[in-house]
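Below is one structure, written out as structure tokens; comments come after it.
Read-outs throughout are calculated quantities, based only on the coordinates presented, and are distinct from any laboratory measurement. Just so it is clear, the structure is predicted and the values come from calculations on it, not from any experiment. Heads up, the Cβs are rebuilt from the backbone with ideal geometry, glycines too, and the neighbour counts pull from every protein chain shown.
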Amino acid sequence: MTTELISYDAGVRGPAAEPESLRVAYVLSTIVAILSAAVSLIGLLFPAVYRGNWGGMALANDGITLVVAVPTLASAIIYSARGSLRARLLWLGVLFYMLYNYAFYIFGIPVTKLYVPWIATFALSAVSVTIIMLNLDVAAIGRAFSPRTPGRWIAAYLAFAGVMISFLWISQWLKFVFAGHVPEVNGSQDAYHVIAAVDLAFAVPMLISSAWLLFRRHPWGYVLGVAATVQFAMYFAVMTSVCVVNWKLTPGSHLISEWFINCVITLPLLLLCLAELLLNVKREAARS
């Protein structure tokens, strides 16, 4: 790429002239932030909009999206425009979260009055991700990371996460193949169908590829490593909230469960991996 990366560090900003296509990504991502904030707020204020057995999960999604994802996306857009590499990588990661998150909405939740805005949010996130990745000077980004970055430790953890997610869903499918036991999530076969499909088609390839590239210290490994940790940190925050919401909404249920403990342990580990990556961006500018 010919894009000049000026002052790509945590605090220094520069007047890098960015291509027109990247300016389009700024506009589209701003629309994503506005749309996701609007539909999340509507979902929280009018929970009856959700039908089926996705209500608790959708409310938890809406809460984390509104309180965490949207402010992070807005901040990342602003500081990326000022030349921060850390912000640009965060920007990409939050958009990956939007893609992953709204895939569940548009493929899993029965059609509601928010259906088309969900599709628009998903589609605009996809276009923004594509534009950003096409305009990254990946070699310069690789040089911006300190040699002391614990990439292989982080890669090992991401690979472990990818393997465990694969085992979770494929093991249930194997039980169906060999024993006829129909897979389900919380009593819903449709939930398994959607969640397993999105995880195995999107989450697992993201985790495994970023782990492999990061282990080899390939520049793309740093890009995808940050994106993956941002995406999954936000989503484990969602899953922690799901446990709390279901506990509040379901009489007789217990908050402390195997899944809740898993979330409470995994979320800090993901945040630690993210911090290790971002804090090891060297302060000097990386120029292509």
Here the FRET efficiency for Met133 versus Leu200, based on Cβ atoms and R0 = 22 Å and rounded to 0.05, is 0.50
In degrees, nearest ten, helix 189-198 long axis to first principal axis of the chain (Cα): 10 degrees
Determine by what factor the alpha-carbon radius of gyration of the chain differs from 2.2 N^0.38 Å, reporting the quotient. 1.02
Additional length obtainable on full extension of the chain from Gln189 to Trp247, 0.36 nm per residue less Cα span: 18.7 nm
Here, segment 124-241 modelled as identical Cα point scatterers in vacuum has Debye log10 I(q)/I(0) at q = 0.12 Å⁻¹ of -0.54
Within the chain, helix-based [θ] at 222 nm, where runs of 4 or more DSSP H residues each add -39,500 (n - 2.57), nearest 500: -24000 deg cm²/dmol
Size of charge dipole - the chain - debye, nearest 20, with Cβ of Lys, Arg +1 and Asp, Glu -1, no other charges: 540 debye
